[in-house]
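Inspection log for the structure reproduced underneath, given as structure tokens.
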Amino acid sequence: MERIDIATAIRRMLTDSQSRQQIAAAMDWSNSDVSRVLAGSQGVPLDKLDTLITAIGYVPVESHYLTAVQTLCVVGSQCECALQGRGACGLKS
């Protein structure tokens with residue numbers, strides 16, 4: 001899976017016509033506001049940042065949460081080795 005930064009994700013969504021309309025409505029932006037954001041001449045106010053992130057379908061999470069999820073995906077929540085105190089059988093050292 002491709003890893004992209006939030007600015008790239010926003011730019012991609014704003015260049016898709018259907019997504020652009022939905023995001024503009026959520027942000028209460030006109031077409032010219034969207035164009036200015038894409039051009040870099042208008043920013044996103046901090047009090048609207050959560051609205052924008054939600055509108056593009058993202059959910060901010062802290063990296064330690066993702067690390068925990070990644071570990072559970074490798075080990076498994078039902079790891080018999082770990083449950084019996086023999087270490088996690090899914091982890092490779």
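Taking the number of other C-beta atoms within 10 Å as the exposure measure, put ILE4, ILE10 in order starting with the fewest.
Placing the least packed residue first, the sequence is ILE4, ILE10.
Could you give the radius of gyration (one decimal) and Dmax (whole number) of the Cα atoms in the chain, in Å?
19.9, 62
Looking at the chain, identify the longest residue range that excludes and avoids all trypsin sites (Lys or Arg not before Pro) in DSSP loops having at most 11 other Cβ atoms within 10 Å.
4-85
Between VAL69 and LEU46, what is 0.36 nm times their sequence separation minus the Cα-Cα distance? Round to one decimal in nm.
Extra length available between VAL69 and LEU46 comes to 5.4 nm.
If pairing requires two Cys Cβ atoms under 4.7 Å apart, which cysteines of the chain are left without a partner?
By the Cβ distance rule, which asks for a partner under 4.7 Å, the isolated cysteines are CYS73, CYS79.
Stretched out fully, how many nm does the piece from VAL59 to ARG36 gain, at 0.36 nm a residue minus the Cα gap?
5.8 nm
None of the figures in this text is laboratory data; all of them are computed from the coordinates on show. Computed from a predicted structure; not experimentally measured. Positions of Cβ are generated from backbone atoms using ideal geometry, with glycine treated the same way; all protein chains shown enter the neighbour counts.
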